Amino acid sequence: MTRTDAVNEAVSTLSGDEGDATRAGPSSGEAAVRTVVVSLENASVAVGGRTIWSQVSLEVQAGQFVAVLGPNGVGKSTLLKAVLGLVPVSGGRVTVLGQRAGRGNAAIGYLPQRRAFDPGTRIRGVDIVRLGLDGDRWGTPLPGWLRGAKGRAARARVAEVIDLVGAGGYAHRPIGQCSGGEQQRLLIAQALIRRPELLVLDEPLDSLDVTNQASVSALIQQVCRSQGVAVLLVAHDVNPLMPYMDQVIYLAHGGAVMGPPEQVITADTLTMLYGTPIDVLRDRAGRLVVVGQPDAPTDHRLPR
Ligand SMILES: Nc1ncnc2c1ncn2[C@@H]1O[C@H](COP(=O)(O)OP(=O)(O)OP(=O)(O)O)[C@@H](O)[C@H]1O
Ligand SMILES: [Mg+2]
């Protein structure tokens, strides 16, 4: 049994679940038939000859909203890149939408980490969204139906996703003049435009204030529910996500554990994962604070 398996088994034992915590379903209700969108089986990744994490096993189901948490440098972005097939696994297997990672990327919307537009950037939000169709981000040629006269269909789709994320009021402004929250909504619209089955978002809440962290989290949950899209979202602070997400993948100390947040973000589970004593406290506002992590000063930041 791997360490990840051991921790996951402990999570399910603590919670009294019948199954493995990695297989726990959405908290919003039991689906009659579950479809696995992302599966890692004893997967390991090494970058530059150094193992980042190893023997990670987990499953993300269709329509699940899953947050990926953990300290800086633990390999959260690397996990997303392994799912996208951008980083090869050094052991085990990563399967996405029934294919080896990297094969089915036309069905994935991806928002990479740290996107910032210079205030002088003139390109309009609507053009940024359109790039999600026209840009050759995945080595997939632009579908014929989007060229020429069919451009009207493309414009309609752009308008549709802009409406979906509520960006109509500022989509025609230069993106450099949009606020951080507005830019994030437009970038989420870009990631959604090809009707993905899986949305992979690397720190979309980064640099947003607390109000916008909550509203973007709510938007992502709404997309997840209304479009049936599975979401893998990296975050540093679990608190804005608590009302919206279904499951957590917590990466630490070269391993990972997955389960409902109330079962994973506990002193017992994190102590097992880190292999050193960890406390999980609640502040007066009910926010979770993880204390005692050896390889990061803090994980879940206090409100700014
Ligand atoms: N191309 C690379 N060459 C060598 N090491 C790399 C490379 N890319 C990432 N790493 C290392 O892999 C580890 C995991 O990086 P990753 O970006 O996945 O961390 P992260 O959890 O996303 O961190 P953060 O919270 O800061 O975004 C880090 O130690 C990083 O320095
Ligand atoms: Mg990262």
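In the set 82, 46, 116, which member is among the hydrophobic types (A, V, I, L, M, F, W, C) and part of a loop (DSSP other than H, G, I, E, B)?
The unique qualifying residue is 116.
Check 122, 103 and return the single one that is farther than 17 Å from residue 249 by Cβ, more than 16 Å from ligand 1 (Cβ to nearest atom) and not assigned by TED's automatic domain parsing to the domain that holds residue 41.
On the way: 103 fails: not assigned by TED's automatic domain parsing to the domain that holds residue 41.
None of the others qualify; the one that does is 122.
Only one of (1) within 24 Å of residue 55 (Cα to Cα); (2) within 16 Å of ligand 1 (Cβ to nearest atom) fails for residue 241. Which number is that?
For residue 241, the exception is condition (1).
Looking only at the stretch 266-291, filter to residues that are part of a loop (DSSP other than H, G, I, E, B), without any contact (Cβ under 8 Å) to a residue 24 or more places away in the chain and under 24 Å from residue 210 (Cα atoms); which one of those is nearest to the chain's Cα centre (by Cα)? Even if it seems obvious, please write down each step before you answer.
Of the residues in the stretch 266-291, the ones part of a loop (DSSP other than H, G, I, E, B) are 266, 275-278, 283-287.
Right, trim to without any contact (Cβ under 8 Å) to a residue 24 or more places away in the chain and you get 275-278, 283-286.
Those still in the list that are under 24 Å from residue 210 (Cα atoms) too: 283-286.
Details: 283: 26, 284: 28, 285: 25, 286: 24 Å.
That would be 286.
Got a number for residues in the stretch 44-78 being more than 7 Å from ligand 1 (Cβ to nearest atom), aliphatic (A, V, I, L, M) and within 22 Å of residue 199 (Cα to Cα)?
Within the stretch 44-78, residues that are more than 7 Å from ligand 1 (Cβ to nearest atom), aliphatic (A, V, I, L, M) and within 22 Å of residue 199 (Cα to Cα) number 9.
Quick test of your reading of the structure: residue 125 fulfils all but one of (1) at pLDDT 90 or above; (2) more than 18 Å from residue 199 (Cβ to Cβ); (3) within 16 Å of ligand 2 (Cβ to nearest atom). Name the failing condition by number.
If we test residue 125 against (1) at pLDDT 90 or above; (2) more than 18 Å from residue 199 (Cβ to Cβ); (3) within 16 Å of ligand 2 (Cβ to nearest atom), just (3) comes out false.
Quick check on the stretch 85-107. Is at least one of its residues within 12 Å of ligand 2 (Cβ to nearest atom) and among the small types (Gly, Ala, Ser)?
No, the stretch 85-107 has no match at all.
What's the number of the condition residue 81 fails, among (1) at pLDDT 90 or above; (2) charged (D, E, K, R); (3) more than 16 Å from ligand 2 (Cβ to nearest atom)?
(3)
Give all pairs with beta carbons closer than 7 Å in which a residue from the stretch 59-87 that is assigned by TED's automatic domain parsing to the domain that holds residue 42 and under 23 Å from residue 228 (Cα atoms) meets a residue that is among the small types (Gly, Ala, Ser) and within 12 Å of ligand 1 (Cβ to nearest atom); count only pairs at least 6 apart in sequence or on separate chains.
Listed pairs, sorted by first residue: 67/235; 69/235.
For the stretch 263-278, name all the residues that are of a type in the set (Gly, Ala, Ser) and either crowded, with 20+ Cβ neighbours inside 10 Å or under 18 Å from residue 239 (Cα atoms) (or both).
267, the sole residue that qualifies.
The values are calculated or read from the model by the stated rules, or taken from the named source; none is laboratory data. Since the model is a prediction, treat every value here as computed from it, not as a measurement. Cβ coordinates were reconstructed from backbone atoms using ideal geometry, including for glycine residues, and neighbour counts include every protein chain displayed.
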